[in-house]
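Presented below is the structure to which this report refers.
The values are calculated or read from the model by the stated rules, or taken from the named source; none is laboratory data. Small disclaimer: the values here were computed from a predicted structure and weren't measured. Ideal geometry is used to build each Cβ from the backbone, glycine not excepted, and the neighbour counts take in all protein chains shown. We work out accessible area using only protein heavy atoms, side chains counted, and drop any ligands, DNA or RNA first. Shrake-Rupley method; radii C 1.70, N 1.55, O 1.52, S 1.80 Å.
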Amino acid sequence: MPKMLVPYPEKCTGCRFCEMACSLYHEGKINHTNARLQVHKRDVRTDFPVVCTHCIVCGEDCCVQACPVEAIKVEDGIVTIDEDECTACGSCVDVCPFGVMRMEDTAFKCDLCGGDPTCVKFCPMGAIKYEEPNTEQYEKVRTLLEAE
Amino acid sequence: MKAFHGKILKVDLSEEKSAVKTTDERYVRKYLGGQGFAVELVYHDMPQGTDALAPDNVIAMAPGLFAGFPLPTGGKTAFAAKSPQTGTLVESIMGGAIGAELRHAGYDALEIVGRAEKPSYLFIEDDRVEVEDAADLWGRSTREVPDLLKKKYGWDVKVACIGVAGEKLVKFACIDCEERQAGRGGLGAVMGSKNLKAIVIRGTKDLEPADPGALLEVALRYQKVMENAPSFKEDTVYGTGEFLGWINKEKGVFPTRNWQLSVFEEREKIDPYYWATRYVTKNKACFACTKPCGKLFEVKEGKFAGVAIDGLEYETLYSLGAACGNASIESAARGNEICDVLGMDTISAGATIGFAMELVQRGILTEEEVGMRLTFENSEDAVPAMLERMGNREGFGDVLAEGVRLASQRIGKDAERYAIHTKGMEPPAYDVRGMKGHGLAYMTSTRGACHLRAGFYAPELVGKFWRWEGIDRQSPEGKGQMVATMEDFMCVYDSVGLCKFSRGFFLIEKLTEVIEVITGLKFTEDELLRIGERIHNMKGHFNYREGVTRKDWLLPPRILQDPIPDGPSQGSVITSEQMNKMLDDYMAARAWTTDGEPTPEKLKELELA
């Protein structure tokens, strides 16, 4: 099983350093609308990072199934987008339960920075780790999102 | 020039109109950002002699130059207006993300004037600017307001708002964003006077640094520098109160029972080394801060069960703790929660209660007048109870909602002898009788007694800082020049949007590199300090123009007449001679008149006239 981003909401301080670093690394500029992960800062008790789970959490491959042109594939356990095939229809964005499938000219999403994730490097608290997938942690985030 | 949009959004609530003023590189070279922008807007745009709660007062908000970029501790936002508490130009800096969001909406700063006809909030989404009806939000807390607005607009909008205290024009009402506050000087009351309950922003525009690759490198480098700094672990585990024991026991400058004592004998019970392991359930951080000194403090059982705050900060451990003789950390936490929810500055609110307690102790106030038992001995219950009354302006709380200066004038009967403030601002948690230069800084601070305008407690307590070594905290010698220089430096800090806790390792020579990476603009250290001097002179000139002169700067009677009676600083006092010598030295260092007026030559030299 390839390593994945694993969120630890209880360690997240809500500083959003990861979000800014993600955007800066991928786009050379900062905009939370293009960050591949999000930090929710809901109330005094609750801050949490929302990362792409590469569909580990439910195994449903929602975005893969939703894509009408088969531009989204799972390769070695990692969900990737073929930008040449993508028609920017938005179906994948609509179905992603975490809201981390993004859209500009084409769909785009977390690519784990080629195996050295920027968000992990920039999080000082270990609230996002790059390790064996951990369904329990993904479920925690899903529960937090559902309560929103 | 990168990073800036060259646009300032100006909103007139009376007219329900907005306009965009364009600026260019010269504006950044002159004022830098953050506090510099906010102060410039109030200084130039508020008509002279305007009452702080009148529609013509200008409230400005500006993100620091770094805000929105991943620079550790560099996400701060400045608010500024004429203060109803001090009558001076007050800027207050917060760690919430509202400023960075304004930048993503395409503006470098926001200026609000006028008064809405009815309770309203401002909604900004990029080019869309609306004044909306806030009937459903009025009367609600700083926790309910963002909840309701996020339900309406989505989880990702940023909200800055006031609580009931701001609506009721409590003199020290604050502005809240994400449990972080622009706390000091009653800027929340200025919003309240404008019928402005909240500012809601969603921005979708890019922030472009001049050198993205270098910025990633710089950001990571400074994160490591910070992690390796000596106090990183202690600060992140115990928060800003980490050094409370040291200040109290080693230095003896922890003001207790309205400054009657300078050592709190029950310190152990409010020390983070006691409570962090028992009550803290999570770390919290300001926007863009990788050194979380915020603590989620939760009370699970007992009469204060259910309390959940981002605190308690060092200053609050003094104001709601020692200043009121309150050794119950749970009570102080509940007090902190009341301040947060109603939207009040914890420092002024607590210090004002401590002041009233001393009046009760001396028989100047009776239980009957106060309407409840308000003593140092029953502070555990009295502090939260009185805070509720102050925030809602109920009973005697209405008098204390005015702060110590106005309350003491209203109470009469020698109450002013026990009112501890400069320029109407209740002081933070450093007994300056044992720290002469910091005492000077309480006087020269343009917003009244403040530990952050010069940040001078650190140099004096540690004995060395930046350019200086062998600093004697008990000596007034040389403090005029040092305080002036530190004020200029701290103006730069508040303009780039850095947290003052970084000032030990993020010295001015390091800032030039980061500013260039983000904006592409080169500054020298001297140029930055010159901008700091310009910002301070705008505030000083504004204050003099509004009638605040040297006589209003002076230290209160207790500091000048009552030597510290206990502990390591026993016998310390600032004499009138020392006070006046330091003030004269300071005025000379600033090239101001001895009355505190920036001279026309100085203003011209700084391109302000």
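Things to note:
- Label-to-label distance, B:T22 versus B:V225, with points set 7 angstrom from Cα along the beta-carbon direction: 3.7 nm.
- Heavy-atom accessible area order for B:Y318, A:Y25, largest first, 1.4 Å probe: A:Y25, B:Y318
- Calculated Rg and Dmax of the range B:442-505 using C-alpha coordinates, Å: 11.3, 32
- The gain in end-to-end length when the B:E268 to B:D147 segment is fully stretched comes to 39.9 nm, 0.36 nm per residue minus the alpha carbon separation.
- Under 24 Å of direct C-alpha separation, and excluding same-chain neighbours fewer than eight residues apart, B:K30 reaches these lysines: B:K2, B:K7, B:K10, B:K21, B:K76, B:K82, B:K500, B:K510, B:K522, B:K539, B:K602, B:K604.
- Label-point gap, in nm, between B:E368 and B:W155 - each point 7 angstrom along Cα→Cβ: 5.8 nm
- The protein assembly as shown, accessible surface, carbon-and-sulfur percent (1.4 angstrom probe): 47 percent
- Three principal axis extents describe the C-alpha atoms of the range B:85-220; from largest down they are 49, 34, 26 Å.
- Among the chymotrypsin sites (Phe, Trp or Tyr not before Pro) found in the range B:430-524, those both in a DSSP coil and sparsely packed, with 16 or fewer other Cβ atoms within 10 Å of their Cβ, are B:W466, B:F505.
- Greater than 23 Å apart at Cα, pairs in A:K41/A:K109; B:K436/B:K464; B:K171/B:K581; B:K152/B:K205; A:K129/B:K224; A:K129/B:K300: B:K171/B:K581; A:K129/B:K300
- Counting heavy atoms of the protein chains alone, B:R558 has an accessible area of about 10 Å² for a 1.4 Å probe.
- Cα extents for the range B:238-412 along the principal axes, largest to smallest and rounded to whole angstrom: 48, 35, 32.
- Cysteines in chain B that, by Cβ-Cβ distance, have no pairing candidate under 4.7 Å: B:C161, B:C174, B:C177, B:C293, B:C324, B:C339, B:C450, B:C491, B:C499
- Of the whole protein surface, B:K2 contributes about 90 Å² of accessible area at a 1.4 Å probe radius.
- Within chain B, longest stretch free of exposed GluC sites (Glu not before Pro) [DSSP loop, at most 16 other beta carbons within 10 Å]: B:118-264
- Hydrodynamic estimate: the Kirkwood radius of the range B:97-143 over Cα pairs, inserted into Stokes-Einstein at 20 °C and 1.002 mPa s, corresponds to D of 175 µm²/s.
- Computed on the Cα trace of the range A:43-101, the radius of gyration divided by the Kirkwood hydrodynamic radius gives Rg/Rh = 1.05.
- Expected-Rg normalisation [2.2 N^0.38 Å, Cα atoms] applied to the protein assembly as shown: 0.93
- Ranked order, B:T22, B:T593, B:T352 - accessible area, probe 1.4 Å, largest first: B:T22, B:T593, B:T352
- Equivalent-ellipsoid semi-axes for chain A (Cα gyration tensor, √(5λ), whole Å, largest first): 23, 17, 15.
- Largest first and in whole Å, the equivalent-ellipsoid semi-axes of the range B:497-599 read 34, 22, 11, each the square root of five times a Cα gyration tensor eigenvalue.
- Partners for B:K251 among aspartates and glutamates (Cα-Cα distance below 17 Å; same-chain residues under 8 apart left out): B:E242, B:E265, B:E266, B:E268, B:D271, B:E315, B:D431, B:E460, B:D472, B:D566
- Förster-model FRET efficiency, 51 Å R0, B:E477 and A:E131, C-beta, rounded to 0.05: 0.30
- Value in Å of the Kirkwood radius, where the range B:372-413 supplies the Cα pairs that are averaged: 10.6 Å
- Sites B:W466 and A:E10 - FRET efficiency at Förster radius 60 Å, r taken between beta-carbons, to 0.05: 0.95
- Value at 222 nm in deg cm²/dmol, rounded to 500, when DSSP H runs of n ≥ 4 in the protein assembly as shown each add -39,500 (n - 2.57): -10500 deg cm²/dmol
- Were the residues from B:T524 through B:D566 laid out at 0.36 nm apart, the gain over their Cα-Cα distance would be 10.5 nm.
- Over the range B:7-202, accessible surface divided per residue gives 27 Å², non-protein components excluded, 1.4 Å probe.
- One equal scatterer on each Cα of chain B, no solvent, Debye formula: the resulting log10 I(q)/I(0) at q = 0.07, 0.10, 0.11 Å⁻¹ is -0.37, -0.81, -1.00.
- Scaled radius of gyration (Cα, divided by 2.2 N^0.38 Å) that the range B:512-551 gives: 1.66
- By accessible area with a 1.4 Å probe, ligands and nucleic acids excluded, highest first: order of B:D206, B:D345: B:D206, B:D345
- With R₀ fixed at 41 Å, the C-beta to C-beta distance from A:Q65 to B:E15 puts the FRET efficiency at about 0.15.
- Set of aspartates and glutamates with alpha-carbon distance to A:K11 below 12 Å, sequence-local pairs under 8 removed: A:D47
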